[in-house]
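I'd like to ask some things about the structure below.
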Amino acid sequence: MDFELTPEQLLFKEQVLKFAKKEIAPRVQEHDLREQFDWESWKKLGEFGILGLHFPEELGGSGADVMTSVLAAEALGEAGVDGGLTLSYGAHTYLCADTIFRHGSDEQIHTYIPKLASGEWVGCMGLTEPGAGSDVASMRTRAVRSGDHWVLNGSKMFITNGAIADVAVIYAKTDPSSGHAGISAFIVEKGTPGFSVSRSLHKMGVRTSPTSELVFEDCQISYQNLLGIEGNGFMMAMQTVEWDRSALLAPFLGAVSFLLARCSRYAKQREQFGRPIAYFQAVKHKLADMKIFLEAARSLVYRIAWCKDQGRPLNHLEAAVAKLFIGDWSLSPTNDAVVLMGGYGYCQEYDVERVFRDSRLAPIGGGTSDVQKVLISRLM
Amino acid sequence: MNFDWCSEDHELKKRVLNVFHADALGELERLESGDSAAVRHITRVFVENLGQADYLCIGVGPEGAGQTLHLLAAQEEVAGISRSLFISLEVTARLFGGLVRGFLNGKAVLDIAQSVADGSVVGAVGFTEAATTEQGEERYRISRIGEKLIVSSEKDYVTNAPIADWIAVVLDEDGGKTVCLVRPDQDGVTVGPRMQTLGYHGLAVSSLTLRSTVVPPGYFFGPFDASALTDFLRQTEDVILSVASVGLMRAVIAKSKEYAQSHRRDGKPIFAHQEIRFKLAEMLTLYQSAQLLVFRAGWMIASGSEERRTLLRCAKVFSSEAAEKVSGMALQILCGRGYVSGNLIERAYRDAKYATIAGTTSERARMGIAEDVLTRYG
């Protein structure tokens, strides 16, 4: 067993941290308050190479390993990049682009990956429906083959990047009688007749990430837009879980480091009863609990990334443990940060209330904590 | 980065597990309810057998820190089987043995260190001072007469003292720490009656009193730099207690799951009820999180990382408090069955508290972590 990161990995994390602190973090508060996607930061993420980090160089990526991708995502959180932008990045790169990269034809890969890796195009993934969340097999969106086309009907809910995406990976039932095996994945481009964004959703946190409902009404796409093999959609969606439990959880780790920095500086500067509040044991204990959570969570996320780098099939038990731990146990340290900073913590000036709001997604998105408990108890 | 154990780690674990064959496990059942004589006998048998398995000679003293991680998998196994025995073994090998091998020298000391490694002696360390009183100066006196050391001191909570062959007593002298080695039956040495404790009933703990005890040359050393010696003892204790907590959770989860699958309610195993299986999921999550954190702290100690103290404190606080939560949830799952004295879960519930108050307490550990955070992040 060895927990050492390579010098290259550490150096890259430092570079991302520096870049994000300078180029992105200063723009976060403004966009969060306006609930507005930050196109300028998106462009910068693309130029820096974050959006296509793990794709091969010939497709516009850097060929980075999973661990490096996780460290980059962690660095974004640590720099103070909001959960909205990191969520948009995660949905774009891992849930959409990576699925095309893994399962697409050569033509699909070369058509979409370079544009997605650079950030020229935005991607999204549509799996969840108004009536089908973790119970994926109950989805009602249908795709019916009609000559040289597929015709999609149905709707998708809580779709990150839905309103701004140029391309979407959409899951639909091609054989309603076959449960999971009747689900297939399709590539649908913006502007396709019958494909529309019905409404944007206003959220408690991750506000800079546009979340929408997507509607398909006799949406006709070419039969070539089928992604991978018909009936393999559920398997494809499940493969994104590896990224979901590593690179998409990593910003939460970084966010706790960000809170530690914010709260430490505040505790040293803020004076009450004639001394900095860092002097008080109650304040110190809060800082300690944040650090304990961070270090416990870090190992769980790194383990998923390392296993993926080894080419091992996802250990669903370990993945669910990581998701549950970060989902449920992150509530306390983010709450502590707000309380530690008192009135300032409650206001938007110091960003901790934003991290508090953003972190509420952790026990909900990508499979609720309850669903993780079902999985863990089934697999243990 | 590598999350797999290497072949040497597996080999050590296998050697250690071979010691715990069916007969030996039967013997261990008596440990928790045995008197001092039984505890002495059973502990000695395992010390001897584990000495022969080359378990006691690894990771000893500051120079053995590099093997901390290598030991952890085997340590967790032992802690999962018997926490009382685990603590007793570790106090002998890594605390007493580490102190002797790492800080003392001379022929007599080398012989004792070798005996520890072989598994032929049980050791103890008297470190914690008894509560001070007005007569403190009389009770705590250290003087050097000729080549001898004359010591009066009182120590509390000395693990293994009632069953030990040798006790290392840590004393304050001239702003540093002096260590002397005494035998329990030596003139001027009194091992107090075995303490009745909340948990760890298979562990022999008592006070220790030295009254004008004459320590011959070759059996006392120092004074040493207080921080180096104290850091070593605290670090060793905290690793032991963290692993004990992880081992506790592992045993408790296995028992709880077994019970949940066999005990039925409303016509089905209680495991089928979400109120039970969700508890088990949370228990496993706490266990795996704590286990990995302890492993990472062990790796940091082994690699000499600057952050090792903070990471170990994090691991100790998290694992010990997680063990309390996990044993509480287990008791809730087993209900009356778990509440009955002598039950593994009832025992674990009582034992879990120990790790939060022994070694570096959760409160002191949090203060240390926060100091580091304020320096590192502030």
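The values are calculated or read from the model by the stated rules, or taken from the named source; none is laboratory data. Note that the structure is predicted; figures quoted are calculated from it, not measured. Here Cβ is always computed from backbone atoms with ideal geometry, including for glycine, and neighbour counts include all displayed protein chains.
Looking only at residues in the range A:311-365 that are surrounded by fewer than 24 Cβ atoms within 10 Å (Cβ to Cβ) and within 14 Å of the chain's Cα centre (by Cα), which one is modelled with the lowest pLDDT?
A:365
To keep it simple, each residue is scored yes or no on (1) of a type outside the set (Asp, Glu); (2) part of a strand (DSSP E or B).
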{"site": "A:61", "(1), (2)": "yes, no"}
{"site": "A:69", "(1), (2)": "yes, no"}
{"site": "A:96", "(1), (2)": "yes, no"}
{"site": "A:120", "(1), (2)": "no, no"}
{"site": "A:151", "(1), (2)": "yes, yes"}
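Among residues belonging to the range A:345-380 that are more than 14 Å from chain B (Cβ to nearest Cβ) and in contact with a Ser or Thr (Cβ under 7 Å, 6 or more places away or on another chain), point out the one that is nearest to residue B:260 (Cα to Cα).
A:359
Okay, moving on. Do you know which of the residues in the range B:33-45 that are out of contact with any Leu (no Cβ under 6 Å at 6 or more places or on another chain) and surrounded by 22 or more Cβ atoms within 10 Å (Cβ to Cβ) is nearest to residue B:346 (Cα to Cα)?
So the first thing to find is which residues in the range B:33-45 are out of contact with any Leu (no Cβ under 6 Å at 6 or more places or on another chain), and the list is B:33-41, B:43-45.
This time we only want the ones that are surrounded by 22 or more Cβ atoms within 10 Å (Cβ to Cβ), so: B:39, B:43.
On the way: B:39: 20, B:43: 22 Å.
Per the criteria, the residue is B:39.
Sticking with this structure for a sec: Of all residues in the range B:273-319, count the ones that are among the β-branched types (Val, Ile, Thr), facing another protein chain (nearest Cβ under 8 Å) and under 22 Å from residue A:377 (Cα atoms). Quick ask: steps written out before the conclusion?
Quick first cut of the range B:273-319, residues among the β-branched types (Val, Ile, Thr) only: B:276, B:285, B:294, B:301, B:310, B:317.
Within this subset, residues satisfying the condition of being facing another protein chain (nearest Cβ under 8 Å) are B:285, B:310, B:317.
Imposing the further condition that a residue be under 22 Å from residue A:377 (Cα atoms) reduces the set to B:285.
Final tally of qualifying residues: 1.
Looking for whichever is among the acidic types (Asp, Glu), free of Cβ contacts under 8 Å to residues at least 60 places away in the same chain and in contact with a Phe, Trp or Tyr (Cβ under 9 Å, 6 or more places away or on another chain) here; the options are B:27, B:77. Which one fits?
None of the other options fit; the residue is B:27.
Here is a yes/no grid of residues against (1) in the same structural domain as residue B:242 (by TED's automatic domain parsing); (2) of a type outside the set (D, E, K, R); (3) surrounded by fewer than 24 Cβ atoms within 10 Å (Cβ to Cβ):
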site	(1), (2), (3)
B:308	yes, no, yes
B:319	yes, yes, no
B:336	yes, yes, yes
B:339	yes, yes, yes
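Just to be sure, is residue B:181 at negative phi and buried (at least 16 other Cβ atoms within 10 Å of the Cβ)? Walk me through it before giving the result.
Values: at negative phi: yes; buried (at least 16 other Cβ atoms within 10 Å of the Cβ): yes.
Against the criterion (at negative phi and buried (at least 16 other Cβ atoms within 10 Å of the Cβ)), residue B:181 qualifies.
Please specify each residue of the range A:261-293 satisfying the condition of being of a type in the set (D, E, K, R) and at the interface with chain B (Cβ under 9 Å from one of its Cβ atoms). Let's see the steps before the verdict.
Kept after step one, since they are of a type in the set (D, E, K, R), are these residues of the range A:261-293: A:262, A:265, A:268, A:270-271, A:275, A:284, A:286, A:289, A:291.
Selection gives A:262, A:265, A:268, A:284, A:286, A:289, A:291.
Here is a yes/no grid of residues against (1) without any contact (Cβ under 8 Å) to a residue 24 or more places away in the chain; (2) among the polar types (S, T, N, Q); (3) over 25 Å from residue A:297 (Cα atoms):
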site: A:13; (1), (2), (3): no, no, no
site: A:17; (1), (2), (3): no, no, no
site: A:32; (1), (2), (3): no, no, yes
site: A:46; (1), (2), (3): no, no, yes
site: A:53; (1), (2), (3): no, no, no
site: A:59; (1), (2), (3): no, no, yes
site: A:63; (1), (2), (3): yes, no, yes
site: A:68; (1), (2), (3): no, yes, no
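Oh, and also: Any residue at all in the range B:345-361 that's of a type outside the set (Gly, Ala, Ser), touching an Asp or Glu at 6+ places or on another chain (Cβ under 7 Å), part of a helix (DSSP H, G or I) and within 14 Å of chain A (Cβ to nearest Cβ)? Before the answer, list the steps.
Our first condition is that a residue be of a type outside the set (Gly, Ala, Ser); within the range B:345-361, this holds for B:345-347, B:349-351, B:353-354, B:356-357, B:360-361.
Checking the rest, the ones that are also touching an Asp or Glu at 6+ places or on another chain (Cβ under 7 Å) come to B:347, B:353, B:356, B:360.
Okay, now just the ones that are also part of a helix (DSSP H, G or I), so B:347, B:353, B:356.
When the remaining residues are screened for being within 14 Å of chain A (Cβ to nearest Cβ), the result is B:356.
Yes: one or more hits.
How about the range A:166-205: which of its residues are touching a helix residue (DSSP H, G or I) at 6+ places or on another chain (Cβ under 8 Å), assigned to a helix (DSSP H, G or I) and of a type in the set (Gly, Ala, Ser)? Even if it seems obvious, please write down each step before you answer.
Taking the range A:166-205 as the starting set, the residues that turn out to be touching a helix residue (DSSP H, G or I) at 6+ places or on another chain (Cβ under 8 Å) are A:166-169, A:171-176, A:179-188, A:204-205.
Going one step further and asking which of them are assigned to a helix (DSSP H, G or I), we end up with A:176, A:179-182.
A:179, A:181, A:182, listed by residue number.
Cβ-Cβ distance below 8 Å, separation of 6 or more or different chains: which pairs start in the range A:269-296 with a residue that is surrounded by 19 or more Cβ atoms within 10 Å (Cβ to Cβ) and end on one that is aromatic (Phe, Trp, Tyr) and part of a loop (DSSP other than H, G, I, E, B)?
Once the first residue is surrounded by 19 or more Cβ atoms within 10 Å (Cβ to Cβ) and sits in the range A:269-296, no partner that is aromatic (Phe, Trp, Tyr) and part of a loop (DSSP other than H, G, I, E, B) comes close enough.
How do the strands (runs of 3 or more DSSP E) wholly within the range B:130-249 filter down when requiring 3 or more residues that are without any contact (Cβ under 8 Å) to a residue 60 or more places away in the chain: which remain?
Numbers: elements: B:141-145, B:148-159, B:166-173, B:176-182, B:189-191, B:205-215, B:220-224.
Qualifying strands (runs of 3 or more DSSP E): B:141-145, B:148-159, B:166-173, B:176-182, B:189-191, B:205-215.
OK, next. Residue B:9 - would you say it is within 14 Å of another protein chain (Cβ to nearest Cβ), over 17 Å from residue B:87 (Cβ atoms) and part of a helix (DSSP H, G or I)?
Values: within 14 Å of another protein chain (Cβ to nearest Cβ): yes; over 17 Å from residue B:87 (Cβ atoms): yes; part of a helix (DSSP H, G or I): yes.
Considered against the rule, which asks whether it is within 14 Å of another protein chain (Cβ to nearest Cβ), over 17 Å from residue B:87 (Cβ atoms) and part of a helix (DSSP H, G or I), residue B:9 comes out as yes.
For residue A:177, which of the numbered conditions (1) at pLDDT 95 or above; (2) surrounded by fewer than 21 Cβ atoms within 10 Å (Cβ to Cβ) fails to hold?
The one condition residue A:177 does not meet is (1).
Tell me, please, whether a residue that is away from every other protein chain (no Cβ under 14 Å) and among the polar types (S, T, N, Q) can be found in the range B:60-72. Step through it out loud before you land on a result.
Keep residues of the range B:60-72 that are away from every other protein chain (no Cβ under 14 Å), which gives B:60-65.
Okay, now just the ones that are also among the polar types (S, T, N, Q), so none.
Checking the range B:60-72: not a single residue is away from every other protein chain (no Cβ under 14 Å) and among the polar types (S, T, N, Q).
Okay, next question. What number of residues within the range B:347-378 satisfy the criterion of being of a type in the set (Lys, Arg) and buried (at least 20 other Cβ atoms within 10 Å of the Cβ)? Outline the logic, then answer.
To start, the set of residues in the range B:347-378 that are of a type in the set (Lys, Arg) comprises B:347, B:350, B:353, B:364, B:366, B:376.
Now narrow it down to the ones that are buried (at least 20 other Cβ atoms within 10 Å of the Cβ): B:347, B:366.
So the answer is 2.
Which number in (1) outside the structural domain of residue B:96 (by TED's automatic domain parsing); (2) in contact (Cβ under 8 Å) with a residue 24 or more places away in the chain marks the one condition that residue B:2 misses?
Residue B:2 satisfies every listed condition except (2).
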